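Reading through the C-alpha cells given below for one structure.
The values are calculated or read from the model by the stated rules, or taken from the named source; none is laboratory data. Bear in mind that the values here come from a model prediction, so they are computed numbers and not experimental data. Heads up, the Cβs are rebuilt from the backbone with ideal geometry, glycines too, and the neighbour counts pull from every protein chain shown. To get the accessible areas, we keep the full protein, side chains included, count just its heavy atoms, and leave off ligands, DNA and RNA. Shrake-Rupley method; radii C 1.70, N 1.55, O 1.52, S 1.80 Å.
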Amino acid sequence: MLEFNQFYGEIAQNALHKWLEVLPAQLASWRKEALHGDFKQWQKVLSHLPKTQTAAIELATEVSFGAPDELSAGAKQQMEVLLKQLMPWRKGPFTLHGLQIDTEWRSDWKWDRVLPHLAPLQHRLVLDVGCGSGYHLWRMRGAGAEFVVGIDPSQLFYAQFEAIKHFNPDPKVHLIPIGIDEMPVLKAFDTVFSMGVLYHRKSPIDFLQQLKNQLRPGGQLVLETLVVEGDANTVLVPGERYAKMRNVWFIPSCDALVGWLQRVGFNDAKVVDLNQTSLDEQRKTNWMENESLVDFLDPTDHSKTIEGYPAPLRAVIIATA
C-alpha cells in the first residue's frame, strides 16, 4: 500500500520506461495528500484483511479469487465487515473466497459487450483510463494481456483495488492513482480503454487527444461513453445536472463522436455496440446503498432523466491510432 517499487521495476523493463521520468514525483505528491482524511482508515482496513494463500483464481468469466474453504467462517465474516468499510462499491462484481461483492454496476455485462470487438489482448500492454476500482483490469488480464495499468486519481478506488489485489497480488496488474492530465506522451500502449469518462471532461477533444498520446501507432482505442440519438451535428450540453450528476459536459451523437475521433487523427472509428442502460445493470445493493439509476430517471417515464433529458444510452466505439 502506497509503495510502487514493484511497478517501477516492471515498467523499467518494458516500453513504458519513459514514464519513470515523472511518475515517482507525482506519486510522492499523491502519497502526501493521501495521508490525510479517510485514507488513513482505509489503510487500516487493508492491513487487517485475512492472510490467505489463494489457489483458485478465475478471470476469464468473472473476477473470483479464492475457494470458500480456504478461509474459516470467522475470517470470512471479518473480511466482509472490513470490506464494507470501503463502501460504496460501484464497479464489479467480485467474489473473494465465496464472499460476493454485489456492486452497483454489473460491469461484467459491459465487458461482455466490449470483448467481441477487441483486437486480441494476448501479449499486449494495456491502459484503462478512469478505471475505478479496477474490475476491468482483471478481465483484461484474464483475456491474455501481458501488462495492465489502470489510472484513476480517486483514493477510495485505489483502496478498493488494493483490497481486491490482496487476494491475488499479480505483478502484472496495477492501478496508479493519477489522472490522464498527469500522463506524459508515451505512445507505448497496444490498447487503451476509456469507459464512462468522456462525458465528465470539460474538453472532450483534448481528452481524445490525450488517449491517442498513449497509443503506439496502430494501437486500438476502446471508448465507451454516453451518447444521444441524432446526426453528425448533434451534441447535448446539459444544464447544471444530467441524471443528477453535476459533472456531465458534452454528450454527442454516435456520428458526432466518430467525427471527433477522425478530427483528432484516429482511423477506422466505428460504433460496435449501442445499449440502453437498464435498472438491472445499475442499481442499489447491500454494497452500494446510495441513490442509483432508478433515482436518476423520471419516475413516470424511464425514457427520460429526472431533468427531462434522454435516459442514459451508451455506445462502444473502437478506433485505431
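Points to keep in mind about this one:
- Subset of the stretch 83-135 (residues that are of a type in the set (Lys, Arg) and more than 18 Å from Ile318 (Cβ to Cβ)): Lys84, Arg90, Lys91, Arg106
- Exactly one residue out of Val316, Val237 is among the β-branched types (Val, Ile, Thr), in contact with a strand residue (DSSP E or B) (Cβ under 9 Å, 6 or more places away or on another chain) and open to solvent by less than 30 Å² (accessible area, probe 1.4 Å): that is Val316.
- The stretch 1-36 - residue that is touching a residue at least 60 places away in the same chain (Cβ under 8 Å) and among the small types (Gly, Ala, Ser) and, of those, most open to solvent (accessible area, probe 1.4 Å): Ala15
- Counted residues, the stretch 222-264 - those being closer than 24 Å to Phe193 by Cβ and of a type in the set (Lys, Arg): 1
- The stretch 132-149 residues that are free of Cβ contacts under 8 Å to residues at least 12 places away in the same chain, paired with ones that are open to solvent by less than 10 Å² (accessible area, probe 1.4 Å) (beta carbon under 8 Å, 6 or more apart): none
- Within the stretch 295-307, the presence of a residue that is within 20 Å of the chain's Cα centre (by Cα), farther than 21 Å from Leu208 by Cβ and open to solvent by 60 Å² or more (accessible area, probe 1.4 Å) is excluded.
- Verdict on His97 being modelled with pLDDT of 95 or more, open to solvent by 20 Å² or more (accessible area, probe 1.4 Å) and either touching a Ser or Thr at 6+ places or on another chain (Cβ under 7 Å) or not β-branched (Val, Ile, Thr) (or both): no
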